[in-house]
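The values are calculated or read from the model by the stated rules, or taken from the named source; none is laboratory data. Everything numeric here is computed off the predicted structure, so don't read it as measured data. Positions of Cβ are generated from backbone atoms using ideal geometry, with glycine treated the same way; all protein chains shown enter the neighbour counts. Side chains included, ligands, DNA and RNA excluded: accessible areas come from the protein's heavy atoms. Shrake-Rupley method; radii C 1.70, N 1.55, O 1.52, S 1.80 Å.
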Amino acid sequence: NAGYRGFGVDETRGSSESCNIDVACPLGDDWQNEIPAAGVYTIGGNLTCSGSMINNTANDQTPYFFTADHCGISTGNDQSVVVYWNHENSTCRTGGSSGNNGNGQYNQYTSGSTYLAGNSNTDFTLIRLNSDPNSSYGVTFAGWSRSSSTPSAGGVSIHHPNCAEKRISSVQNVYSTGPYWGV
């Protein structure tokens, strides 16, 4: 997949619900440090899911990428993963138009990875990208916490719903669902 360009108009890329707002909209204003951590990716050339760069406790910016287990990255296809950065609409489209396809580009990417861990019960996969994202892309690292206390209600989700341009959604409710929190 290295160097592949130009997903065509026939490429399956979904729109999203109206609760998914372009990251260029005011809802994203307080999350400018976190927004660049999210990326959309392909496996074997097919748009698949989104995930985030995630820092470790050493804060050494090892290129760890965190995504969902149900997306299907495995030791058999991890080298075909290509993560696309900054795939987002250039403007804030108001109303329901944020749910439609925008003008995001696929010209910033990192190719190849190594599968490290995954679990279907908690729906996570952790991979290490084969190289650091190009520094000119401005990719950041999301943080995390091992705190056992339930987070307060509120916050956001930054993602690529149906592999569309990057969106942000506000979190209204947080609840415990066994070993993890639901939003």
Please tell me if GLN105 is of a type in the set (S, T, N, Q) and touching a His at 6+ places or on another chain (Cβ under 9 Å). yes
Which one of these is assigned to a loop (DSSP other than H, G, I, E, B) and either under 15 Å from the mean Cα position of the chain (by Cα) or modelled with pLDDT of 95 or more (or both): GLY76, GLY154? GLY76
Determine which single condition GLY44 fails, assuming it passes every other condition in (1) modelled with pLDDT of 95 or more; (2) closer than 15 Å to PRO133 by Cα; (3) open to solvent by 30 Å² or more (accessible area, probe 1.4 Å). (2)
How many residues are open to solvent by 30 Å² or more (accessible area, probe 1.4 Å) and either at pLDDT below 90 or not in a loop (DSSP other than H, G, I, E, B) (or both) when one looks only at the stretch 81-102? 7
Suppose we filter the stretch 103-134 for residues that are out of contact with any strand residue (DSSP E or B) (no Cβ under 7 Å at 6 or more places or on another chain), modelled with pLDDT of 95 or more and closer than 18 Å to HIS87 by Cβ; how many remain? 2
Single residue of the stretch 105-118 satisfying the filter (out of contact with any helix residue (DSSP H, G or I) (no Cβ under 6 Å at 6 or more places or on another chain) and under 14 Å from ASP69 (Cα atoms)) that is surrounded by the most Cβ atoms within 10 Å (Cβ to Cβ): LEU116
Is it the case that some residue within the stretch 47-56 is of a type outside the set (A, V, I, L, M), closer than 28 Å to ASN121 by Cβ, surrounded by fewer than 19 Cβ atoms within 10 Å (Cβ to Cβ) and at pLDDT 95 or above? no
